[in-house]
Structure formats: structure tokens, C-alpha cells
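Right, one structure below, let's go through it.
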Amino acid sequence: MQRGAAGCAATAAVLAAVLLAGCRGNAGEEQARATGEAVAGGAASGGAVGAVERGVDTLELRRSASQLQADLESRLPGFDSIGGRGKSGDLAFSYVAYLEDGELVLIREHQDLGDYGHSDNEYFFADGVLTYYVQGQISRMLVPGGPPASDAIVLRLHFDGEGRLAYGERTVNGRPVPLEGYEELSVTRRSGALREAALAGGGEQPVEAAEPAAPILVEFAEGSSSVSYAGRVVAREVRSYVVAAEKGQRLSVSLESDSRYAQFMVQFAGQSVHDSRRSGERSWSDELPRDGTYTVRVYLGRGEAERGGAADYGLTIGRELAEGRRP
């Protein structure tokens, strides 16, 4: 073990820079309602951002988290530390775990996805249970024919004494946006894997990525106007597929599943374009009114999600010129 926190100064600096990213204003109530309905299997929460359990004092949660961060930061030089690094697919990562009297209290992790961005994550523990998670991420989307488009993302998740999500919030470039739905499972599994690696002694270890930490960027093969995916959605997970498209192109989505609870939503700039749960149709096609990125989200209906159900699915996404238009 090594003493001190010298290796984490850069992480703290990057996180602080992300937190100071410029604010573009609050998302409107209509946007929060439209996007929130697909998150967590269709449980809308009005204008609230994230997954909120009724009766949770969110102000007190934020205050406690801030105090926890400040307290640990002041005492880190006296803690034991264990460092490690590794690769998981295209993801390269490094971490430092801090222990007080042999008990894990904090893991700081840096993730690097090269051209697609990087993130600095902090996992806080109490009695071996994850209590708080904060992520500062710079995410880049490679746009054909243009420079990468970068977003500054901050994600905060608060967990109860049993390790279940009590409240979560995300901002993109300073603007509040709803959670995607995969965060709770992804973060708890990732924190558990890092914890096991740290307590095993750190060093070079293959810590597997638990769940997708970001939406899938849809790419079409040369000469093809459609692409198909096979997936599985469990409980409150939401699978997201991001499509770059232009005004006048026609976007089509078809979802196949043996489960009648599997649904999909198409969104643009946080607004709902189509929701199969409302329309009753799991196939959709329309001419696009604006350039930009469209997100297809696959999820389970509310009741099935809350029961912890699961569904395998096949998803086909098409993108082509609207009928009558020339290339």
C-alpha cells in the first residue's frame, strides 16, 4: 500500500473544471415530462430530474454529499491507498482506492475512451456499501465531415443504506436532463468490480465493464441504409441508440420482441418524437424536420420494469432520403 493522495490531484482538477461548465438554462417542464416517461420503465416525475423516491429530502442528500466530500478530502493524506489500472474493450482506466483503518471509503477512477472522451469518477462507501457516486465526463461524438462535438456531463447518484438508488441527477453542459435508466445497475456493478480489484491488491487487473456507460452510436455500413441490433433490457434499464441524421432524411425504427412489455421511444433534443407505448405500434417511420442527433431508447413498460422483468429484443434502425428527394 502507498500513503497519501498525490496521484489524485489531476482527477480533482478535471472534475472541478467539468463542474464549472457553462450553464445553458433549465430544461422546461414539457421536456422533463416527455423524457421522464421513458426513463425507469415509464415512471414520470413531473419537472424533477432523475429517479426520485417519494419522501426523499434531496436538499439534505446534496448537503450530506458535499460534507462527505469535503471531510474525506481533508483527511485523505492519512489514508492507505491502493492503485490499479487496466483495459476493458476500448476502455482504458486507472483508479486509486482509499482505506481508513482497513475499511474502503473512496475510489477515484479515470476512464479514457480516446477520441470518444474521458471521465473522472468518485465512488464513496460506508460500511462497505456504495453511498454516493459523482462523475465528471467529457463526451465526444464524431460527426462525419466535421469536428467532434463535445459535451460536459456531470452525473450524481445517491444511494440508501442498502445500496439502492435514492436520487439521481445529470446535467449536460449545465442543463438538467433525465437519467437514461441504466445508471443504477451500471454504477453499482462497476463499483463492486473496482472494490474487489482494489481489495485484491490493485495493480494490472482486467476489471470488466458491467453495462454500457453510454448510448450506442449507430453506424451504417457503406451502401447500407439500415442496421440491426439484438439486445436485452432488464427491469428499469434503458438501452439507447444515437443516430446522426439530416433534415429531409427518413428515419425508421422497428422493434421485435416476444414480450409485449418491450417498448421504444424516439427523441430529439430531449423531446419525444414517437413513443410506441402510446401509439401501440412498434414500427415507426417519418421524415425528419431538423439536422441533429436522434436517440432511440428501448425500455420495459412501468409495471414489468418494477417487477424486475426482462425482454430480449431485435431492433432495426433505418436512415434514408425521403421519397422524392435527390441525394
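The values are calculated or read from the model by the stated rules, or taken from the named source; none is laboratory data. Note that the coordinates shown come from a computational prediction; the quantities given were computed from them, not determined experimentally. Glycine also receives a Cβ, built like all others from the backbone with ideal geometry; neighbour counts cover every protein chain displayed.
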Just give me the residues in the stretch 274-320 being within 15 Å of Lys247 (Cα to Cα), of a type in the set (Gly, Ala, Ser) and more than 21 Å from the chain's Cα centre (by Cα), in sequence order.
-> Ser285, Gly318
Among strands (runs of 3 or more DSSP E) lying entirely in the stretch 57-125, which contain 3 or more residues that are of a type in the set (A, V, I, L, M, F, W, C) and in contact (Cβ under 8 Å) with a residue 24 or more places away in the chain?
-> 91-100, 103-112
Of all residues in the stretch 140-166 being part of a strand (DSSP E or B) and closer than 17 Å to Ile216 by Cβ, which is modelled with the lowest pLDDT?
-> Met141
Out of the stretch 185-212, which residues are in a helix (DSSP H, G or I) and at pLDDT below 85?
-> Leu185, Ser186, Arg189
So Leu300 fits all but one of (1) crowded, with 20+ Cβ neighbours inside 10 Å; (2) free of Cβ contacts under 8 Å to residues at least 60 places away in the same chain; what number is the exception?
-> (2)
Among the residues of the stretch 289-314, write down those that are in a strand (DSSP E or B) and among the hydrophobic types (A, V, I, L, M, F, W, C).
-> Val296, Val298, Leu300, Ala310, Ala311
Just a yes or no: is a residue in the stretch 280-288 of a type outside the set (A, V, I, L, M), in contact with a Ser or Thr (Cβ under 6 Å, 6 or more places away or on another chain) and within 26 Å of Ala193 (Cα to Cα)?
-> no
Looking at the stretch 213-227, which of the residues that are under 22 Å from the mean Cα position of the chain (by Cα) and under 20 Å from Asp312 (Cβ atoms) is modelled with the highest pLDDT?
-> Val218
Can you give me the number of residues within the stretch 261-273 that are at pLDDT 90 or above and part of a strand (DSSP E or B)?
-> 5
